[in-house]
Structure formats: C-alpha cells, structure tokens
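The next block holds one structure in the form of structure tokens; read it before the comments.
We did not get these values from a lab; they are worked out from the coordinates using the rules stated. This structure is a prediction, so every number in the text was calculated from the model and none was measured. Neighbour counts are summed over all protein chains in view; Cβ atoms, including those assigned to glycine, are modelled from backbone coordinates with ideal geometry.
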Amino acid sequence: MARMKFLCDAERCIECNGCVTACKQENEVPWGVNRRRVVTINDGVAGAEKSISVACMHCSDAPCMAVCPVDCFYKTEDGVVLHDKDLCIGCGYCFYACPFGAPQFPQAGAFGLRGKMDKCTFCAGGPEADRSEAERVKYGRNRLAEGKLPACAEMCSTKALLGGDGDVIADIYRERVLRRGKGSEVWGWGTAYGPGKSGAQPPAGGKS
Amino acid sequence: MRRVTLGAAVFAALFLAGCGEEQQVTVYKQGKYQGKPDTQSWSNDPPANQLRGSTWAKGDRGSWESAINQRTMGQNEDIRIYKQ
C-alpha cells in the first residue's frame, strides 16, 4: 500500500528554487502563496550551508486535520492529505498547527483578505472530478491521476527532492547514502553526483 | 493443590502483565470529513500518451501503484550512472 511522501537530500539541494517554480507553474498557485519553498541555513558559510525544500509533508497523523473546526481535511488511500476548499472557512488554525508552515492563505485581495487555505496537494488535486477544469482551477493539476509524480520532485535538477511511495524513495536514498559514504569524504561533486560515465564507480574514499 | 494452582495462575498473570506493551503512538481517528467525496487516482483511465512508467488498468490499484513506483525509480539516477 503506497504512502506518498517527499524526501529532500540536503547534501544535494543547491537552492535553485526549481521546485518552487515548477509547483507555481504546474498548479497556477495564487498570488501570495508558495506551496513549496527552499529553506537555507548557514547561508554563505562554505561547507556549512545547507538547503532543504519544504512543503506539506502529508503527515500520518496530521495536526491540520485534528484542529480544523469544519473538518474539511481528508486523507486519500495513498496517504495524501487534501482538503475541500468549498468547506474551508479560512480561519488559519491549520496554519498555526502545522510545524512546516504548509497551509498558506492568498493575500491578493483588498484589506489583507484571508482567502481559502491553499497547500501542497502532492499534485493530487482535490475533491472535484479528477483531471477536470474545476479541479485544476481550485486545487491545481492532478498528476497522480495521470500516473505521474509531483512536478517539484520530477523537475528537481540534482534529484535532491524525491517524491513517491515512502518505501521506494527511502530505498533510493539509502542506496545513495551507502554509495556516498560518511564523514569528510562526502564532499565534492563526484561524490554527490557521480563520475558522469556509464558503468563507472564513485571515487574511492576521497574528495573529487 | 487447587489453591497452589490458583495462586500460580494469578502470579503468572501478574508476572506476564509486566511484559505487556503500551501503545506509544497516537492512534489517529479519521475524524468526520464533511466535504465532498473524492475519487481515487487509479479509478481513472490512463492517459493516451504515457511518457514514462507503465500503464495501469482502470480501477486496479495494484497496477496503478506499480506504474507509479516504476516512475518513481526514474528519480534514481544511480541506476543510470552505475548500473548500465
């Protein structure tokens, strides 16, 4: 049984914001809303700068679902947390409850309008007919119903951001980490991205 | 004899109770979703032009999951770099 999850490799993320742009473009996200954003720590410090791409983590025990006063959240059978915008009252409780700041509110209207909540849908749309215009306008594109993965993960140029069934992406990441090694040798282009030749092996324990 | 057996049974019950395991995680209750029902991803026809991954049969969750997982493996560039 699939449980859809995101996983971001902080060693690989280069803060290009390609995931943010891909999400914006694919889902035509309203003004004032970033469903995904890149967070950087130790900005400018050589060797210590790390970036990570953050969006809704589609929690197994989602606090937004727990606090919603109108019960507009639901979880799909493949573990994606979605909500019904027709029911949302825009109170902002989910924003306070979410540890990742995933729920966002459009602010394009006059007088600091707080509209219906908008958040990452794992490119799975919402409670409208799949792949319909109503679903696209209200929630964004339903890529899962097209057999595709979220645009942010598929567009990631360094493959830092992985999206898909938690077990599958964990296997990809585990294989990558085992190959990469640990300690000081995990530094350098060749270690992170490979030697670039088919059939070649990563450098033996050294910087590249 | 019966008293000894009874005592042993009570002792065993109390002793084994120490081995019991409390649930450490919150059991999430689905709640009362009040909105419109949604359809599952696999209840749609696959698109005509499938670029990557395999296709699935409408309504068959297993085939949809295997198609998605196959596509997910496209994110593993180690396959392309090291295993060709």
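A compact table of results
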{"quantity": "Residues in segment A:1-20 that a label on B:GLN40 would reach, taking backbone N under 18 Å of a point 7 Å out along Cα→Cβ", "calculated": "A:1-5"}
{"quantity": "Distance violations [Cα-Cα > 30 Å] among A:LYS24/A:LYS85; A:LYS50/A:LYS138; A:LYS119/B:LYS58; A:LYS159/B:LYS32; A:LYS24/B:LYS36; A:LYS116/A:LYS159", "calculated": "A:LYS50/A:LYS138; A:LYS159/B:LYS32; A:LYS116/A:LYS159"}
{"quantity": "Cα-based convex hull volume of segment A:1-115 per residue, rounded to whole Å³", "calculated": "138 Å³"}
{"quantity": "³J(HN,Hα) computed for each position of segment A:28-40 - Karplus, 6.51 cos²θ - 1.76 cosθ + 1.60, integer Hz, glycine/proline x", "calculated": "6, 5, x, 4, x, 10, 10, 5, 9, 8, 9, 10, 10"}
{"quantity": "Neighbouring partner chain Cβ atoms per residue of A:59-67, average, 10 Å criterion", "calculated": "2"}
{"quantity": "Derived scalar couplings ³J(HN,Hα) [segment A:62-76; Karplus, 6.51 cos²θ - 1.76 cosθ + 1.60; whole Hz; x for Gly, Pro]", "calculated": "6, x, 4, 5, 5, 9, 4, x, 10, 6, 9, 8, 8, 10, 6"}
{"quantity": "Inter-label distance for B:THR55 and A:ASP71, nm, one decimal - labels placed 7 Å from Cα along Cα-to-Cβ", "calculated": "4.1 nm"}
{"quantity": "Long-range tail of P(r) for segment A:28-174 (Cα pairs > 28 Å, %)", "calculated": "21 percent"}
{"quantity": "Inter-probe distance in nm under a simple model that places probes 7 Å from Cα toward Cβ, at A:MET1 and A:MET57", "calculated": "2.1 nm"}
{"quantity": "Full-stretch length increase - A:GLU49, A:ARG179 - with 0.36 nm per residue and alpha-carbon distance subtracted", "calculated": "44.6 nm"}
{"quantity": "Scaled radius of gyration (Cα, divided by 2.2 N^0.38 Å) that segment B:41-84 gives", "calculated": "1.32"}
{"quantity": "Simple label model, 7 Å out from Cα along Cβ direction - A:ALA10 to A:ASP167, nm", "calculated": "2.8 nm"}
